[in-house]
Amino acid sequence: MTGPEDPPLTAEEWEAVRRLRRERPAVTETPPVAEAPPVAETPPVAEAPPPAAEPAVAEPEAAVAEPELPEASYGSTAAVTGTRFTRAAVVTLAALVVAALAAVSLLAVLTVRLSDHYSRNSDATAALAAATTNVATVLSYNYKSLAADFAKAESVLTPSFRKTYDTTTAKAVEPLAAKYHAVSTAQVTSGGVISTGASRAQVVVFVSQQVTNTQLSAPRLDRSRIVVDLRRSNGQWLIDKLTPV
């Protein structure tokens, strides 16, 4: 190097200086050249991580790609399963509706039958009760109150049977009862329904009838079994016929 006051170098001198500089680095300045750490630092340039990073990138892609088929398959299975479940639910609901309708129909039938059975039982009970009371009324009389007793009996008879009753009492019962002071006390001990309908019924009754008159030394007890035909008129069961059996 030249100082600030040195004269400028000539061309030959500059050439000599350049030559010396070229020769000095080869001998003395080799240590600086040996400073290859910058070159040795090329490993960071190689940066091996990128090759390792490629599998990492590829693996997620494969992992993402692989579930796509199961997802599609699962979605299809879910759709089929959902369809089957919906059909099963519809079939089950239809079965329940049919069962409910059948139960309602059965209940309606049972209600009608029970109502009809109850109605028949009610008719039978009423008919038997009427026969039990009315037969006793018809067969009971007292010579002291024949007119009232006969009128009471007529009130429980149908118009057609009333004519028969009037004829019998007028010709046979009334004259003899008045003459011999006859008294008849009838009581129905038991009975049963033979048949019953909306307006007709037939029952059988067992009658215990005690008779007294001046021709008897002691009261006489007569037992009989009578089939009673009844007809309902204005809600009342009336005797239409009496048949001893």
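The values are calculated or read from the model by the stated rules, or taken from the named source; none is laboratory data. Keep in mind that what you see is a predicted model, and the values were worked out from it rather than measured. Using ideal geometry, Cβ is built from the backbone for each residue, glycine included, and neighbour counts are taken over all protein chains shown.
Numbers for the structure displayed
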read-out: Single unsatisfied condition, V156 versus (1) farther than 30 Å from G192 by Cβ; (2) modelled with pLDDT of 70 or more; value: (1)
read-out: Search result, residues across region 196-229 that are in a strand (DSSP E or B), among the small types (G, A, S) and under 23 Å from R162 (Cβ atoms); value: A201, S224
read-out: Which numbered condition N234 fails, given (1) under 60 Å from the mean Cα position of the chain (by Cα); (2) at pLDDT 95 or above; value: (2)
